[in-house]
Amino acid sequence: MMRAVVLLGALALTGCGAVPRVQVQEVKVPVPVECREPIPDRPAMPTEALAEDAAPFELLRAALAEIDRRQGYEVRLLAALIACT
């Protein structure tokens, strides 16, 4: 019985001497981050403010102004999108 206890103790101490080495490896994982860029306000479009019986020249002038205004809005939207990606 005494031999069994000594043998078990010796085996237990032998296992402590054979500790495997742990290798540390750096892993880069993308972490999603909330976008805090404000969404630009949509401007009022000139064609939306026209009366239904507006003259064709007024409609043309409002449509040309709306093109410029919409392009400026798209640039601001693209800038917000690029800031978030």
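The values are calculated or read from the model by the stated rules, or taken from the named source; none is laboratory data. Note that the coordinates shown come from a computational prediction; the quantities given were computed from them, not determined experimentally. A quick note on method: Cβ atoms are made from the backbone with ideal geometry, for glycine too, and the neighbour counts reach across all protein chains shown.
Among the residues of region 10-36, how many are closer than 19 Å to LEU77 by Cβ and either loosely packed, with under 10 Cβ neighbours inside 10 Å or at pLDDT 90 or above (or both)?
Qualifying residue count, region 10-36: 2.
Which of the residues spanning region 42-60 are touching a residue at least 12 places away in the same chain (Cβ under 8 Å) and assigned to a helix (DSSP H, G or I)? Please lay out each step first, then the result.
Looking only at region 42-60, we keep the residues that are touching a residue at least 12 places away in the same chain (Cβ under 8 Å), and these are 42-43, 45-47, 49-50, 59.
Passing the criteria: PRO46, THR47, ALA49, LEU59.
Determine, yes or no, whether LEU7 is surrounded by 10 or more Cβ atoms within 10 Å (Cβ to Cβ), assigned to a helix (DSSP H, G or I) and free of Cβ contacts under 8 Å to residues at least 24 places away in the same chain. Before you say what the answer is, go through the steps one by one.
Numbers: surrounded by 10 or more Cβ atoms within 10 Å (Cβ to Cβ): yes; assigned to a helix (DSSP H, G or I): yes; free of Cβ contacts under 8 Å to residues at least 24 places away in the same chain: yes.
Here the answer is yes, as LEU7 does meet what is asked.
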